[in-house]
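So the structure is just underneath, and the comments pick up after that.
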Amino acid sequence: MSAPPPIAAIDLFSALFIALAAITGAGYTLRFLQRRERGRTRGQVHDLARSLGGFLERRTPPYALAKEAAAAAPDIFWAALEDLASRRSNWLALSRALVDSPHCAAEREALLDKSPWRRELAARRLALLFSPESRRALRAALRDGPGLVTAAAAAALARYRDLEALRWLLANPATLERRPHRPRVALLLGFGRRALPDLTAALDRGTGDAAMDRALIEALGLAGCRDAHRSIERRLCDGDAEQRIAAARALGRMQADDSVTALMGALQDEAWQVRAQAAWALGRTRSDLAIQALPARLTDPAWWVRRHAAYALREFGMEGRRELERIAHGSPDPFARDMAREVLEGWPAAA
């Protein structure tokens, strides 16, 4: 028969069990309190958002909204405002009602904080409400940096449609050198259609920064700015490879039939990506000249060029179909025949 365990061992085991139970209980209690706090925060955000919505629907008077907003905690205020202020009509109406909010004043002060992360947050929050004081503070933050603060301030000022800020950015493109291409294009477009003459002029003279020039080409193409097609044509001929690709794509997006000759020249570009985009763009123009140049591109060594050229011919209706049928049945190039057949097989029955 084995001896019972010593009393000291039993006491130690009991103490460990009690300690573990206490730790586990404390963890559950902490998580419970955190969930309750998050639930309470969501409830406060919902209540304030409802009041903001009531104001937009003219059920809550401006003075009552301003009083309730001023009494809310800063995080509650900005969280409630974020979704509703995304629409520009709401943004302007809420700005007029909350222009004197102490929360805005606090964020303008935070733009001078030592932490760049806090300054970035302040810039993003000030984008949610317009005021002349905030615009002045954001312009200063734009110039002072660093990069993440400059980017956030630029996005806020784009929402303000601040053309002075845009001109400063175009004159100082290095301040956005760490921004990826797509966010940079989105930023330029954020300044609105009134900014298109400034974007065109900047591309025409060149910013001295290849990445910024490429973003200008993309932005003007996405905006369909036909007035910029001559400047974009020059980049199609003289720009670096990335700019030539962007230029061909932009001319296609704006359906620049005045640029057909330049696009036909780009079908001979050394970069297959440029040739592919030029073929796609020519399909968008539906020019009589384009349909004469596209069939030869079905023998291009690059698959994407052949594909874009074949599908571009489909844009010309029955005339394009006749060209595809001629290639499918008579071309000595098997790759050209295969691509033409692919398009013909997918041709809409109604056509």
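Every number here is computed from the coordinates shown, using simple stated rules; none is lab data. Here the structure is a predicted model, which is why all the values come from computation and not from measurement. Note that each Cβ is placed from the backbone with ideal geometry, even for glycine, and that neighbours are counted across all protein chains shown.
Quick notes
- Sequence of Y160, Y63, Y311 once ranked by neighbouring C-beta atoms within 10 Å, starting from the fewest: Y63, Y311, Y160
- For the range 261-349: rounded, prolate or oblate by the Cα gyration tensor [a/c cutoff 1.5]: oblate
- Of all segments of the chain bounded by trypsin sites (Lys or Arg not before Pro) found in a DSSP loop with no more than 15 other C-beta atoms within 10 Å, the longest spans 179-351.
- Within the shell of other residues whose beta carbon sits under 12 angstrom from the beta carbon of E177, the net charge comes to +2, with Lys and Arg scored +1 and Asp and Glu -1.
- Remark: spin-label model distance S89-A296 equals 5.3 nm, labels positioned 7 Å along the Cα→Cβ axis.
- As a proxy for reagent exposure, ranking D198, D269 by other Cβ atoms within 10 Å from fewest up yields D198, D269.
- Taking every full run of DSSP H in the chain, the ones that stretch at least 24 Å from end to end by Cα along their long axis and average -0.5 or higher on the Kyte-Doolittle scale are 7-56.
- Put in line by how crowded their Cβ is, counting other Cβ atoms within 10 Å and starting with the fewest, L52, L163, L65 read L163, L65, L52.
- Here the chain is assigned +1 on the Cβ of each Lys and Arg and -1 on the Cβ of each Asp and Glu. Its dipole about the Cα centre then comes out at about 960 debye.
- The alpha-carbon positions of the chain define a convex hull whose volume is 308 Å³ per residue.
- Computed E for Q255/I18 - FRET, C-beta separation, R0 51 angstrom, nearest 0.05: 0.05
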